[in-house]
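Structure first, then comments.
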Amino acid sequence: MRAVHLRTEYLKKPLGIDIREPRFYWNCEDGLKQTAYRLVVKAGDELLMDSGKVNSDAMTHVPYVGRALKSGEHICWQVKLWDEEDSEGEWSESWFEMGLLEASDWKGKWISGDYKLKKNTRYPVDYFRKTFRTTKTVKTARLYITACGIYESYLNGKKIGDAVLVPGSTDYRKRLHYQTYDATELLQEENVLEIQLADGWYRGSIGCFAATNVFGRQSKVKCQLVVSYEDGSTACIASDETFAWSNDGPVRFADLKDGEVYNANMKPSYNGRAIVAKPPQTSDKKELIPVASNNVLPKEQEHFKAKLIVTPSGKKVLDFGQNIAGFVKFKVKGEEGQRVRLLCGEILDENGEFTQKNMQVQKPVKEFGGIKEMLVAVGQADKLRCEMQPTPKQEILFSCSGGEDVYQSHFTVFGFQYALIETDVDFKAEDFESIAVYSDMEQTGEFECSNIKVNQIFANTKWSMKGNYLDVPTDCPTRERLAWTGDAQIFFNTAAYMMDVSSFFRKWMYDLVDLSLIHISEPTRPY
């Protein structure tokens, strides 16, 4: 008998967790029943724990018992099993790595773009850059990063990691998540670290009526790239005012719900400098220290090619064949300045025409609060004497460079199967695709029977889950995108059958605690 499906805190080989006494999990194969196990944990050559033979059939929540773990430590663990006949099996191995455990471990400063913040104004994506050299043989490189907003990071032109829409959904008044990435293979002797920063959940449109600046007006990012050399020394490239900055890159507007405006003829000049921003604070004026997400992250999943349909009124619509929550990607070649406009939606109306009416509401064009917010929420927006606009727009406005352009949305996510396309550029439907985006949960349950309609119900249910499990269990992938407790409670058992939702729901339990009056100090768990 041997252990398989090894996990640490529900996660497969997690990088950068901050649970100080992690628990171990496994399944077994090649036997009828586990009767005993032996667990060994090491940091390099140092033995941290040896349970000896434990007469138990436990395969979950097996605790680490050893010395206190340290920030950045790479921990290897082994487990062997005994079967129902007390026959000893072979070793199985896994590993995990600790993140930054203490506030003092953070060397990076909070940095932001150098521009004056104004009311009723939305800003382009910020671009930050830092050049540096490595002078010795590199052993490992780890990027620790978080943001008030959503970020993407690149090293020497290649994206670091495969997570998207990070650091994810959180209550920025109480909790900031950071992620840890392995950047070892991307390092060269001469290096360029680049970070893009968009509004995200922090100051972009959220909720049914798409209020903005809910958590703050100044987006900001904090990071450090720790390079460990073979000789035992380290170097830390930390975010500070020496980072170059500009917001004149191609992403002119990015909103989670409304979409992106992209000019392929623009590149960031980096002709300015980042400014050091005020750290985010709790309601009682204490600085928020980032904590590890300890969770599976949102990632790009299935891809779907488009087919072109022409509606009865002659409109051109791309049909991706599956309703998803995700990104749009396409390739076009137009004259410089020619535009492609995409409006994304879930359905065609009763006349076979593209529509967004099923998911849109009206909100004021300018920022709103107080009485206006109440009137919008109770369906009396018609009483407002101000300019209104639909939300969510789910719109891509793309301007061509004059050569062959490849575009993919990065900072917006739509619920859609169809896209109305308006352009003078010659295009091929097969050059357009949709990309499903959801938290990277492992599928664990499947169902199939002789009735194709029942099978279709199961398939639809699975896609409904994929469309609504993006860092939090949302109520819909278009309009509200809120993690209502009722929706998640009703669907929880089904979700747990279909996929491994352990770390996903643990993270969300923290979210619920943050929204309550209960105080749970770090690093304890809510259960």
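Coordinate-derived values only; no laboratory data. Please read all numbers here as calculations on a predicted model, not as lab measurements. Note that each Cβ is placed from the backbone with ideal geometry, even for glycine, and that neighbours are counted across all protein chains shown.
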- prompt: How high is the FRET efficiency from Thr137 to Ala235, r the C-beta distance, R0 22 Å, rounded to 0.05?
  reply: 0.95
- prompt: Add -39500 (n - 2.57) for each DSSP H run of 4 or more in the chain, then divide by its residues: what number comes out at 222 nm, to the nearest 500 deg cm²/dmol?
  reply: -3000 deg cm²/dmol
message: Need one number: % antiparallel among DSSP beta bridges in the chain, to the nearest 5.
response: 95 percent
Contour excess over end-to-end distance, with Cα ends at Thr242 and Lys70 and 0.36 nm allotted per residue: 59.0 nm
field: In nm, spacing of pseudo-spin labels at Glu302 and Thr60 (7 Å Cα→C-beta vector)
entry: 2.7 nm
statement: Note on the chain: contact order normalised by length, alpha-carbon pairs under 8 Å, 6 or more apart, percent, works out to 14 percent
- request: Can you tell me the FRET efficiency between Gln489 and Gln188 if r is taken as the Cβ-Cβ distance and R0 is 51 Å, rounded to the nearest 0.05?
  value: 0.55
Full-stretch length increase - Ser313, Glu84 - with 0.36 nm per residue and alpha-carbon distance subtracted: 75.4 nm
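To one decimal place, what Kirkwood hydrodynamic radius in Å is obtained for the stretch 33-189 from all pairs of distinct Cα atoms?
19.8 Å
Taking a ≥ b ≥ c as the square roots of the eigenvalues of the Cα gyration tensor of the stretch 91-151, is the shape rounded (a/c under 1.5), prolate (a/b larger than b/c) or oblate?
Since a/c reaches 1.5 and a/b is larger than b/c, the shape of the stretch 91-151 is classed as prolate.
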Relative contact order of the stretch 442-527, defined on C-alpha pairs under 8 angstrom at six or more residues apart (%): 26 percent
Cα-based helix-to-principal-axis angle, 502-515 vs the chain, degrees rounded to 10: 70 degrees
- request: Could you tell me whether the stretch 1-47 comes out rounded, prolate or oblate from its Cα gyration tensor? Rule is a ≥ b ≥ c as square roots of the eigenvalues, rounded for a/c under 1.5, then prolate if a/b exceeds b/c, otherwise oblate.
  value: prolate
- request: Would you order Cys76, Cys449 from fewest to most other beta-carbon atoms within 10 Å of each residue's own beta-carbon?
  value: Cys449, Cys76
query: If you line up the Cα atoms of the stretch 2-98 on their principal axes, what length do they span on each, largest first, in Å?
result: 41, 22, 18
- line: Computed from the beta carbon distance with a Förster radius of 25 Å, FRET efficiency for Lys366 and Met266 to the nearest 0.05 stands at 0.40
task: Report the label-to-label distance for Glu373 and Leu47 in nanometres (one decimal), using points 7 Å from each Cα along the Cα→Cβ vector.
output: 6.0 nm
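Tell me, in nm to one decimal, what length is gained between Glu442 and Gln322 on full extension, where the rule is 0.36 nm per residue of separation less the Cα-Cα distance?
Result: 41.2 nm gained on full extension.
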statement: Listing Cys400, Cys476 by rising number of other beta-carbon atoms within 10 angstrom, fewest first, gives Cys476, Cys400
- request: May I ask for the Rg/Rh ratio of the stretch 209-272, computed from Cα atoms with Rh as the Kirkwood radius, given to two decimals?
  value: 1.12
- prompt: Is the shape of the stretch 442-527 best called rounded, prolate or oblate, per the rule: a/c under 1.5 gives rounded, else a/b larger than b/c gives prolate, else oblate, with a ≥ b ≥ c the square roots of the Cα gyration tensor eigenvalues?
  reply: prolate
task: Bin all alpha-carbon pair distances of the chain at 20 Å intervals from 0 and give each bin's fraction as a whole percent.
output: 20, 52, 26, 3
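What is the fewest-to-most order of Leu256, Leu6 by other Cβ atoms lying within 10 Å of their Cβ?
Leu6, Leu256
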- request: Output the Kirkwood hydrodynamic radius of the stretch 279-395, Cα pairs only, in Å rounded to one decimal.
  value: 19.0 Å
